[in-house]
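A short write-up of the structure that comes next.
Where a number appears in this text, it was derived from the coordinates with a stated rule and is not lab data. Note that the coordinates shown come from a computational prediction; the quantities given were computed from them, not determined experimentally. Every residue, glycine among them, receives a Cβ derived from its backbone with ideal geometry; neighbour counts consider all protein chains shown.
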Amino acid sequence: LLLLCAAFSSAVTAFQTVLPQRITPTNKPILSWTETQLFSTSSSSTVSTDAIQVQASVKQLKRTLEREYASFFSPMERDFYAEKVTFDDPMTNLEGVAAYERNVDMLSGKNIIGKILFRDAGIVLHKVEGGVVTQEEQDNGRTAVHISDVITRWTLRLTFQALPWQPTARFSGISVYNLQPGGPKGVQVVKQTDYWDSINIAKGGTYQKVPKGAAIAHFLEQMKPTQFEAPSAGNELPYSLLRRGTDYEVRRYPAFTAVQTNYERRDEGFSELGTFSSGLNPLSPALFTVASSSSEQEQQQPKSMMWPLGFAPPGSSTPPELPNAVEKAEKEIWKQKNCKIVKIPERVVAIGSYTDASVAPVVRKADRFLREACERDGLTVTTSTQDTLNFAQYDAIYSMGKRRGEVWIELEKHPWTIE
């Protein structure tokens, strides 16, 4: 295992290398996800450079990054990287564009070591921002051009097939590209620094450097075999993983159509929705909304649960109509049971997990921890979630094995806003 870990350490070099690499961070927090803080400091300057031409080159670089991420750097646009570019991430440090490319080739399985160690490697790019070009008149009459850092947000996954159980590791984070004018394309990356959301986020949502041991420990934790889990109640509603944090995740869920009902006892709610959804191929998880307070007055408020029945395809924000489900809900028997079809818009949700049964104390504790984590990391929850508990149950109600429960809190302010 130590040999495998050593091999992976070199590979993750690739992996972070693959991801936009990191700038030499200081020992104090240096990067906030807010635009003002991220891009308040210019990365470089030069004299007598046409700012308009540089801005065009920066735009081309950002488009190139989008293409490189989508293709897992096949090919890698070497002309945008300085020959002595430096790369820094939580596990590795590299210098030179050739070293970067070798690591990329390993992760993508282009060389022998990569073919042995990894499969299914891929990066999802969520956002590219920064790269603002400004001019400044100098005392000598010349004009200096400044380029702010380009920041990418991404999620990477890869399967480590050298282990018998073939675990899949997932990382999310940011990459900071330090630029300067010059090179064949008019602008070059001279330094790249990567940060992982799971270990590098400091209080308030800034990013800071941590010892490499923290990165190794986090990776090894993902390599552990999984325990026996209770079977899921159905195929899972798809989502895009935006952040894999220290003790929570952030996901973007597509708009979806669901059947919803009120309930007094959860087993009765499962029974009603299960009967209604017969033949409609419902999706997991079952989603619940209850009062957040344990006071007797608030506990008398209706409790609701719903099952997703269909979701919007990629590129669409419109949930499916599902005429068969709508027609079924119009029947008197289902009206009496208060079953109705609802449409839920696309949303970004913070997720906290637990493995105990979804009883009130467990759910309330998980909800409290998740809210504290969001506040700690600079994420703002929607005000409408303050008085309710929203939780998800993936396994069947009386199933055996390790359970999978989650609390969901919709986010109002976060760095993954699509402009």
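Annotations
- Lysines whose Cα lies under 17 Å from that of K59, excluding same-chain neighbours fewer than 8 positions away: K127, K185
- Rounded D (µm²/s) - the stretch 249-289, Kirkwood Rh over Cα pairs, Stokes-Einstein at 25 °C, 0.890 mPa s: 209 µm²/s
- 10 Å beta-carbon shell around S172, net charge (K/R +1, D/E -1): +3
- Anchor K343: aspartates and glutamates whose Cα lies under 14 Å away (excluding residues fewer than 8 positions away in-chain): E321
- When each of K203/K413; K331/K402; K209/K413 is checked by Cα-Cα distance, pairs over 27 Å: K331/K402
- Ordering of 240-246, 164-170 by burial proxy (mean other Cβ atoms within 10 Å per residue, highest first): 240-246, 164-170
- Burial order of peptide ranges 251-261, 353-363 (average beta-carbon count within 10 Å, highest first): 251-261, 353-363
- Among 84-94, 281-291, the order from most to least packed when residues are scored by Cβ within 10 Å on average: 84-94, 281-291
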